1. I'd like to compare 213-223, 100-110, 232-242: which one has the highest average count of other Cβ atoms within 10 Å, and what's the full order after that?
2. Which of rounded, prolate, oblate describes the range 214-254, given a ≥ b ≥ c as roots of the alpha-carbon gyration tensor eigenvalues and a/c under 1.5 marking rounded, otherwise prolate only if a/b is larger than b/c?
3. Under the rule a/c < 1.5 gives rounded, and otherwise a/b versus b/c splits prolate from oblate, where does the range 61-203 land using the Cα gyration tensor?
4. Mind grabbing the accessible area of residue 194 for me, 1.4 Å probe, Å², rounded to tens?
5. Skip the ligands, DNA and RNA, and give the accessible area per residue of the range 12-74 with a 1.4 Å probe, whole Å².
6. How big is the gap, in Å, between the Cα center of the range 105-144 and the Cα center of the range 197-225?
7. Using a basic spin-label model with each label point 7 Å from the Cα along Cα→Cβ, how many nm lie between residue 460 and residue 130?
8. Going highest first, how would you order 58-71, 198-211, 172-185, 21-34 by mean Cβ packing within 10 Å?
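The values are calculated or read from the model by the stated rules, or taken from the named source; none is laboratory data. Since this is a predicted model, take the numbers as computed values, not measurements. Heads up, the Cβs are rebuilt from the backbone with ideal geometry, glycines too, and the neighbour counts pull from every protein chain shown. Keep in mind that these areas ignore ligands, DNA and RNA; they rest on the heavy atoms of the full protein, side chains included. Shrake-Rupley method; radii C 1.70, N 1.55, O 1.52, S 1.80 Å.
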Amino acid sequence: MDFHLLGPLEVLDDGAPVPLGGVIKRGALAHLLIHANSVVATSRLLAALWPGDTPLTARKMLQNAVRDLRRALSCEPGSEDRAVLVTDAPGYRLRVDPDAVDLLRFRRAVERGHAEVAAGSYESAARVLREALGLWRGPALADLVEDGLVWPELAAWENSRLNALEDLFEAELACGRHHAVLGELQAVAAAEPTRERLSCQLMLALYRCGRQTEALAAYRHRRVELVERYGLEPTREMQKLERAILAHAPELDPPSPPALVDVTPLPRTDLPRTDTARETPAQSRAGLTAVGGRATRPRRLNESTVEHKRISLVWVRHALEGHGHDPSSVQEALREAERVVREEAARFGGTMAHAAGPVLSALFGHPETGEDDAARAVRAAFAMRDRFAGRGAGPAPMGPGPACPHVAVVTGDAYLLFRPGEPDTAPRVMGEAADRCFRMLALAPRGQVRVCEVTRRASEPDIAYRVGPEPPDGWEAVQVRGQRHAAEGRRTAGPRDWTARPAPEPEEIPAHAVL
């Protein structure tokens with residue numbers, strides 16, 4: 001017979017569920033299992049089952065629940081090879097094999113995994129901790145919590161689960177598996193913003209994946225949250241890690257040597273295209289060549305490449321308020337945000353770059369349409385902002401709502417890193433443009449699209465900006481010029497037909513009405 005507490009309470013007999021009855025019986029069994037093989041006083045059981053006022057008949061109801069549990073579980077005194085529920089003054093004791101209770105197995109595995117992490121046996125620690133965390137089927141005793149039985153032990157179990165996750169990430173990072181755990185780290189760190197060890201692990205994983213700018217953005221985001229919510233600065237360890245990332249400190253390098261980086265020159269446009277450089281029209285617009293025409297020769301699977309390219313870069317920091325601390329809810333919100341950025345980037349001829357939690361990016365640098373990269377990037381930024389805010393094709397709400405993101409657009413030189421085994425359509429962005437975009441995003445007010453001076457000059461024929469001296473946090477893009485009937489075309493003829501309509505007389509209209 002197996003007893004499961006790490007999720008809704010469940011008892012299995014040879015794999016078949018055992019019916020347990022009402023909340024009093026299930027609560028009594030759960031509390032006895034929490035203290036398995038120990039005497040639990042009757043007064044303690046009564047307080048656990050009736051946290052408020054204890055009814056006069058509570059003791060009799062508990063006795064009836066114990067009797068029914070013995071029958072349901074066939075655990076009368078004298079039973080062999082099964083749990084035994086005995087009366088033992090001043091209360092009851094449930095004698096059970098520790099291997100039959102998932103909570104007890106989890107505790108032993110976590111202790112072993114923690115000891116192996118401390119001893120440097122990272123491969124074994126990662127395996128043990130993965131198996132331990134796999135015992136969880138959801139929030140502990142979720143059905144009893146729903147019925148109002150919330151015990152202090154549950155908070156301790158959740159804290160133990162998070163400690164085990166942190167030990168697991170430490171072991172995986174020590175084994176050089178930063179790519180494998182990055183997505184999981186992003187979801188857990190976003191759901192647990194107060195655990196700085198998780199934040200440090202996320203920063204290290206991003207840095208080792210070649211995403212230094214995003215690692216620094218994660219630090220800035222966590223620092224702002226700590227200061228605004230709690231009035232606290234990050235710990236010395238976290239600040240030291242930020243300085244080490246800025247200095248490219250050797251101690252941050254992964255344990256195994258990274259693949260050699262092959263820096264290839266930009267392709268010459270006056271040379272004939274070879275078979276190895278041929279791509280489909282879809283690829284040439286939204287795929288690899290959408291960020292630089294990079295298909296002059298095939299790339300081997302074990303080879304990384306870096307390319308220098310002038311691009312327009314859009315960064316969006318999506319607000320995750322309203323999703324609580326549930327990792328699955330946060331992960332679903334991140335997936336939806338990535339879908340929005342990917343779709344709007346492709347609609348305006350760009351491509352999505354790698355994401356880092358709530359910070360997402362898109363690139364515009366097609367060799368055939370480079371003259372309007374900046375304008376297309378700003379249009380895409382408007383569209384992303386409006387979709388996050390739920391504006392669609394209808395009227396915009398007044399002021400930035402809780403879902404309005406921070407948006408920044410920068411035009412300049414960047415290095416695009418293509419890793420082996422990763423999609424060519426999602427390069428990592430480094431260099432001067434990425435650094436400027438990071439700084440601008442940190443200052444951008446929510447709900448506004450802020451652009452650099454280079455972007456403003458390149459896009460001003462198509463985009464209107466707020467008049468005044470250049471602000472330190474960039475120019476505010478306010479609307480798209482012309483095309484009065486664009487919104488009507490979008491609503492009646494589909495999302496792309498409006499672009500083919502003849503342009504009416506130039507007139508400035510709100511950006512959300514065009515996009």
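1. On the way: 213-223: 22.3, 100-110: 19.0, 232-242: 14.5.
The peptides rank, most packed first, as 213-223, 100-110, 232-242.
2. Values: a/c = 3.59, a/b = 2.15, b/c = 1.67.
Cα axes put the range 214-254 in the prolate bin.
3. Verdict is prolate for the range 61-203.
4. 80
5. Here the per-residue accessible area is 49 Å².
6. With the range 105-144 and the range 197-225 each reduced to a Cα centre, they are spaced 25 Å.
7. Taking the two extended label points, one gets 5.7 nm.
8. Values: 58-71: 16.0, 198-211: 24.1, 172-185: 18.8, 21-34: 20.7.
Ranking the peptides 58-71, 198-211, 172-185, 21-34 by packing returns 198-211, 21-34, 172-185, 58-71.
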